[in-house]
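The values are calculated or read from the model by the stated rules, or taken from the named source; none is laboratory data. What you are looking at is a predicted structure, and each value in this text was computed from that prediction instead of being measured. Cβ placement follows ideal geometry from the backbone for every residue including glycine, while neighbour counts extend to all protein chains displayed. To get the accessible areas, we keep the full protein, side chains included, count just its heavy atoms, and leave off ligands, DNA and RNA. Shrake-Rupley method; radii C 1.70, N 1.55, O 1.52, S 1.80 Å.
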Amino acid sequence: MITGTLMLLLLAACSRKEAAVTPEATPRPVTTELTNGIGNGVNLQPSYYNGGNVNFAWALMKQQTKIKTVRIEIEPTVSITLAKSWIQQAKNNGFAVIATYHKASVLGSDNTSELTAAANWWKNNYAALSQAGSFTVNLMNEWGSHNISSNAYAAAYNAAIALVRQVYSGAIIIDIPGWGQETRTAAEAVKGTNGTKINDVNIILSTHIYPGAWNQGRNRTLINADLDEMATSGRPCMVGEFGTGSGSSNWSGLTNYAKSKGWTVLGWAWNGDGGSLNMVTPSWATNPTATSFSTNSYFNTIYSLL
């Protein structure tokens, strides 16, 4: 069960800062081949409820035909057998899967040892997890702060990706820094603008969009031009999370703009949010093993954008 501290961290993950300048580079077309292979969908965060033994309400989810993909966030404290069962359930019910290493206590960290730990977790556990079926690796949820430099971000990911590549050859999703909102830093890291570049080309950059979305590198609330700048990386891009909350960013407009660019978008969250951002009722925090679930008004808000 999630602790009070972890619950606060989870809630904080859905609240970002926020703010106007034009990108330095003219946006150029970016291939969306990889993201087009991953359909739109929803996030799941089961780790913190009833020891991870939760009812996913797959039958209800399958009725929502715009949901093609589930992004499952996995705390490293969860047993691999349990995490494997989550992936297996999703695959058995016809969903594509993104599996994400998620450590709630270090969201937004610039500590390279935490990213290395995530990479080693994949190195040690990918073979077992993949027995459940194929899935896409999201190396770590929201590593890197608003302040991290493109060189530090690139160097850390080069080392981490090299570890994961020892066991996995598919596309690797990497969350851009600043809780998924520093689009400039990510683009510069991929291009090597400031000296160090991310060497692996089989990556997908993932942004997280909420009303509080803040691009510190541009000193403004996240806007469409920032997504254009992210695309100048030349790598496929996606929206790994989007949802409501407090702030002035046009989160729904940004999500629609990302979709217009051919990017995959994943709503936060079908179930497992530490607060009110759950698309079904009851939430796992209330009743993780309920036998009957229903969609709610928050579902209507998120589902309309898939």
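Below are the figures for this structure:
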{"read-out": "Rg and Dmax [Cα atoms of region 207-261; Å; Rg one decimal, Dmax integer]", "value": "10.5, 32"}
{"read-out": "Label-zone membership for region 274-306, site Asn50, 7 angstrom Cα→C-beta point, backbone N under 16 Å", "value": "280-294"}
{"read-out": "Accessible area in square angstrom per residue, region 70-178, 1.4 angstrom probe", "value": "31"}
{"read-out": "Karplus-derived HN-Hα couplings along region 285-298 (A = 6.51, B = -1.76, C = 1.60, θ = phi - 60°), whole Hz, x at Gly and Pro", "value": "5, 8, 7, x, 10, 3, 9, 9, 10, 9, 6, 9, 5, 5"}
{"read-out": "Separation between Cα centres of region 158-214 and region 110-150, rounded to whole Å", "value": "11"}
{"read-out": "Percentage relative contact order, region 59-180, counting C-alpha pairs under 8 Å, at least six apart", "value": "28"}
{"read-out": "DSSP bridge orientation in the chain - percent antiparallel, rounded to nearest 5", "value": "10"}
{"read-out": "Estimated FRET transfer efficiency when R0 is 30 angstrom, pair Asn111-Asn202 (beta carbons, to 0.05)", "value": "0.75"}
{"read-out": "Cα lying deepest toward the dipole's positive end in the chain, options Ala159, Asn300, Ile174, charges on Cβ", "value": "Asn300"}
{"read-out": "Interchain or long-range residues, amide H under 5 Å from Ile203's placed H", "value": "Ile172"}
{"read-out": "Separation of the Thr65 and Leu82 label points, Cα + 7 Å toward Cβ, nm", "value": "3.6"}
{"read-out": "Distance violations [Cα-Cα > 19 Å] among Lys62/Lys91; Lys103/Lys123; Lys191/Lys259; Lys68/Lys91", "value": "Lys191/Lys259"}
{"read-out": "Cα-based equivalent ellipsoid of the chain: semi-axis lengths in Å, sorted from largest, via gyration tensor", "value": "28, 22, 18"}
{"read-out": "Value at 222 nm in deg cm²/dmol, rounded to 500, when DSSP H runs of n ≥ 4 in the chain each add -39,500 (n - 2.57)", "value": "-9500 deg cm²/dmol"}
{"read-out": "3J(HN,Hα) from dihedral phi, region 135-144, Karplus parametrisation 6.51/-1.76/1.60, rounded to Hz, x for glycine, proline", "value": "7, 9, 7, 9, 4, 7, 6, 6, 7, x"}
{"read-out": "Amide H contacts under 5 Å for Ile98, placed H, 5+ residues apart", "value": "Val70, Arg71, Ile72, Thr136"}
{"read-out": "Accessible surface of region 28-183, 1.4 Å probe, proportion on carbon and sulfur as whole %", "value": "49"}
{"read-out": "Reciprocal mean inverse distance between Cα atoms of region 190-306 - Kirkwood radius, Å", "value": "15.7"}
